[in-house]
Amino acid sequence: MFNVVTIARECGSGGTEIGRLVAKTLGWELLDRKIIERVAAMGNVDCNWAEEMDEQSCAWWERVLDGFRHGGPEVYVGGVADEGVDRDELQRFTARVIEEAARMGNCVIIGRGSQCVLRNESQALHVLVYAPLAEKLERMKYQYPRERDFEKLLRDMDAGRVHYVKHYFGSDSKDPKLYHLCLNSTLGLDACAELIVEIVRSYARERRVA
């Protein structure tokens, strides 16, 4: 049976809210912000910095700095003392958090390449949530009321997530073969959540009957 749901989402698609609804309905743990908090604790780094680096791959200049780390003075990245933790290390911590959560089960995991980390996990249901541009932009206006160029913000955030999955897993995050279910959130967030919940429950019923 499925005891883990991963939700990859286009920025502004409502995927995070759908995940929250699924977790609430099933009584499962939601891992979104919690992933950042656990990763920050693992790396002993500032939680705000971990959030800023969330779902971002390591830049070339960080790799150069890493080569000098042990031979030079302490380096500061993003306003935080770098004591051996860069984005690559944060990604490894993130994968560990996802794997540990999957072992415990009964959880909904938002993004962070979880569909790839758990691609061989038979008990994980992988979902992709997408939406038309106009609808995503409308949501962005509510999420980032001070932003001026919503289209650029949307492009940049989506590109960052796509590059993260490509860089660390060699996969195209938009490839439907990574998922059991691809949902257009114009169906409605509640309806999308209900579909996911029904799949989890119906699969569990079928397994019990078998």
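For residue 24, give me every one of the lysines with a C-alpha distance below 17 angstrom, ignoring sequence neighbours fewer than eight places off in its own chain. Candidates past the 8-residue exclusion: 34. Judged by the mean number of other Cβ atoms found within 10 Å, the most tightly packed of the peptides 143-155, 103-115 leads the ranking 103-115, 143-155.
Per residue, the convex hull spanned by the alpha carbons of segment 1-51 comes to 100 Å³.
For segment 124-147 versus segment 90-107, the inter-centroid distance based on Cα atoms is 25 Å.
Any read-out appearing in this document is the output of simple, stated calculations on the displayed coordinates, not a laboratory observation. Because the structure is a prediction, the values reported are computed rather than measured. Glycine gets a Cβ as well: all are built from the backbone with ideal geometry, and neighbour counts include every protein chain shown.
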